[in-house]
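Student: Sharing a structure, written as structure tokens. Questions coming.
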Amino acid sequence: MSTEQIKTNWAQFIPLVTVFFFWGFVAASNDILIPVFKEAFDLSQVESQLVSLAFYIAYTVGSLLYLLISYLTKGDLINRIGYKNSLALGLGISALGTLLFYPAANTGSFPLMLSGLFIVALGFSLQQTVANPLAIALGPITTGSQRLTMAGGINNLGTTIGPLIVSFAIFGSATSGNTEMSIESVKIPYLVLGAAFLLVAILLKFSSLPDKPAAIVESESDTNSARSSALKYPQLVLGMIAIFVYVGVEVSTASNLPAYMEKNLGFLTKDIAPYISLYWASLMIGRWTGAVEAFTDNMSTQKILRFIAPYLAFGVFLLVNAIAKHDLTPFYVYALIILVLIAADIASKGNPARMLLIFSGLGIAALLVGMATDGMVSVYAFTSVGLFCSTLWPCIFTLAVSGLGKHTSQGSSFLIMMIMGGGFVSLLQGYVADIATIQSSYIVGVLCFAYLAFYAWKVSGILKTQGITFDKKVSGGH
């Protein structure tokens, strides 16, 4: 591939990652909506987690609808209308969802709010199905994982900013002293978001983004697979469960954190946003670290960047919170915790199974520390789960689809379907919190990480029997 071709692909890649930003912005903003809705609608902790359930179950419903439409029309929907048109359609569906926030806010209707979030995520489901393989295909296959890493970093820029903007829309600036919340204040940011969805859909429609990149066409012609279905591969079936519990622990850790900080530590709802922002920024920190290979092939430079990239991402978190006029003093100590991430990254030696095992172990340790301690130590422990979740999506995804050959795209759609774990695991943790305590409910996350550690061990043996080994690091984000 010529230098000019690579430049063209990067020009196409840049507008594509806008949708990754949207996914992160909305997903993290849900963690601010949960405590607001809980108080405004007088909900229990498990009822408040319906926000996560409505949002993440839409990914499964969207995938099933996609498969059903493709079956009924006797042809793949995305292949028929093209990747670019599919992205625009997904953005249009999400924009329709944001419109429901207007009547929902005016009438104070919790079901309408949930319906709006469901439709937004329904559009995201189609976007995810298209954008993840497209990000990999827009350039040389050798740097495909790095492009997905960079897209994940943009996603987490959205997760870092989203909670702050939504919190500002509801409560005003951090220095305003306002503690009153109004459901009606939610509608404006989501209507603006809907307009942004439509604007990007139009821009993508007229962009140079291909309807179907050549790399995807070539992958679909692969006939190396002798099995009749992706579900015949144990690495995929076990990987589907792994995606379910991974997204579950990632989302539930954050979505239950506001209730813990309010009830156990006496925080006001309006003061929680920077800590939610820190949690999602932690994923950005990890993913920026994994993206350094996209910028240079020099090993010495890569080693230097592995220390610079995470602290650069941490600096972005500090900057946006400084702009929001939040007190930064409580967050400086987090710079020491980032060293644990860097050490774990080096210890993994580029093997995705080993990385999954190490980071799952650290996730268990972080949750146990959070459950056993009080005060800010427990908060930092819970937020550090974001650091250890940051590398898990690409590890699981890569291990699960390895060896699938012509069934790779089918396997990918099954994995996207399992994003619903973000809703169900959050609901389960909310239930445990209601019958026990919020702090002890994090045992649910410990069990999720335990399965991920098991999968890391089990899948290594499965892939070895198929003659598949890894000698290069793979990283990215959902």
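Student: Could you tell me which residue out of L68, T373, P189 lies farthest along the dipole of the chain toward its positive end? Charges go on the beta carbon: Lys and Arg +1, Asp and Glu -1, centred on the Cα centre.
Tutor: Of L68, T373, P189, it is L68.
Student: In Å², and per residue, what accessible area does the range 11-213 have when probed at 1.4 Å with the other protein chains present?
Tutor: 36
Student: Distance in nm between label sites at W457 and L319, each 7 Å beyond Cα in the beta-carbon direction?
Tutor: 4.3
Student: Net charge near S44: determine it from the other residues with C-beta under 15 Å of the C-beta of S44, scoring Lys and Arg +1 and Asp and Glu -1.
Tutor: -3
Student: How much net charge surrounds A131 when only the other residues with a Cβ under 13 Å from the Cβ of A131 are counted, with Lys and Arg +1 and Asp and Glu -1?
Tutor: Its environment carries a net charge of +2.
Student: Would you work out the charge dipole size for the range 228-469 about its Cα centre, treating the Cβ of every Lys and Arg as +1 and the Cβ of every Asp and Glu as -1, and quote it to the nearest 20 debye?
Tutor: Roughly 660 debye for the range 228-469.
Student: Quick check: with the 1.4 Å probe, what order do M299, M420 take by accessible area, largest first?
Tutor: Result, largest first: M299, M420.
Student: Using unit Cβ charges (K, R positive; D, E negative) and no other charged atoms, how large, in debye to the nearest 20, is the dipole of the range 11-213 about its Cα centre?
Tutor: Computed charge dipole of the range 11-213: roughly 800 debye.
Student: Would you mind working out the accessible area per residue for the range 228-469, using a 1.4 Å probe, and quoting it in Å²?
Tutor: Heavy-atom accessible area per residue stands at 36 Å².
Student: Also, I was wondering about something else. Once the Cβ-Cβ distance between I346 and T469 is put in as r, and R0 is 22 Å, what FRET efficiency do you end up with, to the nearest 0.05?
Tutor: 0.60
Student: Quick one: pull the percent of accessible area on the range 228-469 belonging to carbon and sulfur, 1.4 Å probe, ligands and nucleic acids left out.
Tutor: Within the range 228-469, the accessible surface is 69 percent carbon and sulfur.
Student: Tell me the accessible surface of K232 in square angstrom (1.4 angstrom probe, heavy atoms of protein chains only), to the nearest ten.
Tutor: 120
Student: Give the separation of the Cα centroids, the range 16-42 to the range 276-329, in Å.
Tutor: 22
Student: Given +1 on the Cβ of Lys and Arg, -1 on the Cβ of Asp and Glu, and no further charges, what dipole in debye does the chain carry about its Cα centre, rounded to the nearest 20?
Tutor: Taking the Cα centre of the chain as origin, the dipole is about 1140 debye.
Student: As a check on your grasp of the helix formula, calculate [θ] at 222 nm for the chain: sum -39500 (n - 2.57) over DSSP H runs of n ≥ 4, divide by the residue count, round to the nearest 500.
Tutor: Taken over the chain, the calculation gives -24500 deg cm²/dmol.
Student: Measure off, as a whole percent, the carbon and sulfur share of the 1.4 Å-probe accessible area of the range 11-213, all protein chains present.
Tutor: Here it works out to 71 percent.
Student: So, in Å, what gap is there between the alpha-carbon centers of the range 427-473 and the range 82-140?
Tutor: 28
Student: At 7 Å along Cα-to-Cβ for each site, give me the label-to-label distance between N85 and S208 in nm.
Tutor: 2.3
Student: Take the Cβ-Cβ distance between L198 and E39 as r, set R0 to 41 Å, and report the resulting FRET efficiency rounded to the nearest 0.05.
Tutor: For R0 = 41 Å, the calculated efficiency reads 0.80.
The values are calculated or read from the model by the stated rules, or taken from the named source; none is laboratory data. Note that this is a predicted model, so its numbers are computed, not measured. Glycine gets a Cβ as well: all are built from the backbone with ideal geometry, and neighbour counts include every protein chain shown. Heavy atoms of the whole protein, side chains included, go into the accessibility calculation; ligands, DNA and RNA do not. Shrake-Rupley method; radii C 1.70, N 1.55, O 1.52, S 1.80 Å.
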